[in-house]
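Here's the structure, in C-alpha cells; my notes come after.
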C-alpha cells in the first residue's frame, strides 16, 4: 500500500506509482489545488489501482466521497469527529480491513475509460414493463456496489416494481447516495423510512447503521427500519432484508446480489429461492470483489451469474416471464 501526501499526489504521484507499483492507494478527499476526485479522474484511466478514500463527515467531505466512488474508488473510511483518540483507533482498524479487501479488488475496467461526471437516465429506462404488479426487487451489495447499483437501476423502466436496496454504507452517506441516484433514474429513489410503501416506480435504500425489513400490511408491502445488532457482520445487512423478502414476498420477489466482500446475503438469498423467488448474482469478471455473489451462487440461492451490464434486462425477463 502507498499513501500519497498532498504535494506528492499533485507533483510526483505518477512517478511514484510507476516506480512502486502499489497494490492499494489510500487518498484523502481534500488536498490543496487538486481534490481527491480530480486526482482519481486523472489516475484511473492510466493506472487503475484499488483506492480507499479517507473522508470527513462534513457535507463537502461526503459529496467528494460520493464523487470519488463514481470516479473509481473502491471504498472509504471516515475520520473521527468526537473522542478523537478512540475514534482514530477505530478508523485505523477499519482502514486496515478495507485495504486488505481492496488488495483483491478488480478495477481493470477503468483502464482507458473516459470518466463522465454525471449521466442522464438510460434510454432503456423508458421502455414499458408489463405484468409488474405486486412484485418486489431486492438488491444487496457491498464493496464496489455504488457503481454496480447505479448501472442496474438506471436501466430499469419507470414502471418497474418496487425495489429495496441494502448497500453497506455508514449513516449520512446513504441519504446522499439515494439523492444522487434519484437524479439519474427513471424511478423515484429515496432513503428508506419506516412505513414507506414499496410500490411501482419507487426504490428504497436502507439507511446506514439501520436494519431494514419488508413487512406486509394487508395487500401492500412496506419497510421497517430499526437500530439493531449487526447480522452477518453488517448493519444494514443483506441477509436481514432478503430473509424478510422470503417470508413476506415469496415467489413475487426477484433477488440480485452484486459485488462485495464476504457472504452477507447468501443465506437470505437461499431462503428467497426456497420460497419461490428468482435470483441472480453478478459474475466474477465484472465484480470489483467477487465475494458475496460467489457465495450466493455456490450456496444455491442465485440461479446464475450475470455480467453487470445485463442484469437489468435479466431482471425484466424474470418479471415478465419473457
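The values are calculated or read from the model by the stated rules, or taken from the named source; none is laboratory data. All values derive from a computational prediction rather than experimental measurement. Don't worry about glycine lacking a Cβ; one is built from the backbone with ideal geometry, like all the others, and counts go over all protein chains shown.
Taking the stretch 243-274 only, how many residues are touching a strand residue (DSSP E or B) at 6+ places or on another chain (Cβ under 6 Å) and under 20 Å from residue 208 (Cα atoms)? First the steps, then the outcome.
So the first thing to find is which residues in the stretch 243-274 are touching a strand residue (DSSP E or B) at 6+ places or on another chain (Cβ under 6 Å), and the list is 244-245, 248-249, 253-260, 264-265, 269, 272-273.
Going one step further and asking which of them are under 20 Å from residue 208 (Cα atoms), we end up with 244-245, 256-260, 264-265.
Within the stretch 243-274, residues that are touching a strand residue (DSSP E or B) at 6+ places or on another chain (Cβ under 6 Å) and under 20 Å from residue 208 (Cα atoms) number 9.
Cβ separations smaller than 6 Å between residues 6+ apart or across chains give the following pairs from the stretch 235-248 residues that are assigned by TED's automatic domain parsing to the domain that holds residue 211 to residues that are surrounded by fewer than 24 Cβ atoms within 10 Å (Cβ to Cβ) and in a helix (DSSP H, G or I): 239/267; 243/271; 246/271.
Scanning the stretch 161-172 for residues that are in a loop (DSSP other than H, G, I, E, B) and in contact (Cβ under 8 Å) with a residue 60 or more places away in the chain, we see that the one that is nearest to the chain's Cα centre (by Cα) is 168.
Of the residues making up the stretch 236-254, none is in a strand (DSSP E or B) and within 24 Å of residue 173 (Cα to Cα). Restricting attention to the stretch 34-55, the residues that are without any contact (Cβ under 8 Å) to a residue 40 or more places away in the chain, in contact with a strand residue (DSSP E or B) (Cβ under 7 Å, 6 or more places away or on another chain) and outside any helix (DSSP H, G or I) add up to 2.
Looking across the stretch 301-322, the residues that are surrounded by fewer than 19 Cβ atoms within 10 Å (Cβ to Cβ), touching a strand residue (DSSP E or B) at 6+ places or on another chain (Cβ under 8 Å) and more than 17 Å from residue 153 (Cα to Cα) come down to 303, 304.
Considering only residues of the stretch 173-201 that are in a loop (DSSP other than H, G, I, E, B) and in contact with a helix residue (DSSP H, G or I) (Cβ under 6 Å, 6 or more places away or on another chain), which is surrounded by the most Cβ atoms within 10 Å (Cβ to Cβ)? Please lay out each step first, then the result.
Our first condition is that a residue be in a loop (DSSP other than H, G, I, E, B); within the stretch 173-201, this holds for 185-187, 192-196, 199-201.
Cutting the leftovers down to in contact with a helix residue (DSSP H, G or I) (Cβ under 6 Å, 6 or more places away or on another chain) gives us 185-186.
Numbers: 185: 22, 186: 19.
Residue satisfying both the conditions and the ranking: 185.
In the set (1) more than 20 Å from the chain's Cα centre (by Cα); (2) in contact (Cβ under 8 Å) with a residue 24 or more places away in the chain; (3) within 30 Å of residue 52 (Cβ to Cβ), residue 320 fails one condition alone, (3). Scanning the stretch 84-111 for residues that are in contact with a strand residue (DSSP E or B) (Cβ under 9 Å, 6 or more places away or on another chain), in a helix (DSSP H, G or I) and either within 15 Å of residue 25 (Cβ to Cβ) or outside the structural domain of residue 41 (by TED's automatic domain parsing) (or both) yields a total of 5.
Quick one: which residue in 287, 232, 217 is touching a helix residue (DSSP H, G or I) at 6+ places or on another chain (Cβ under 7 Å) and either free of Cβ contacts under 8 Å to residues at least 12 places away in the same chain or surrounded by fewer than 22 Cβ atoms within 10 Å (Cβ to Cβ) (or both)?
That would be 232, the only listed residue that is touching a helix residue (DSSP H, G or I) at 6+ places or on another chain (Cβ under 7 Å) and either free of Cβ contacts under 8 Å to residues at least 12 places away in the same chain or surrounded by fewer than 22 Cβ atoms within 10 Å (Cβ to Cβ) (or both).
Close contacts from the stretch 190-214, counting a first residue that is assigned by TED's automatic domain parsing to the domain that holds residue 227 and farther than 15 Å from residue 176 by Cβ and a second that is modelled with pLDDT under 95 and assigned to a strand (DSSP E or B), with Cβ to Cβ under 8 Å and a gap of 6+ residues or different chains, come to 197/220; 198/220; 199/220.
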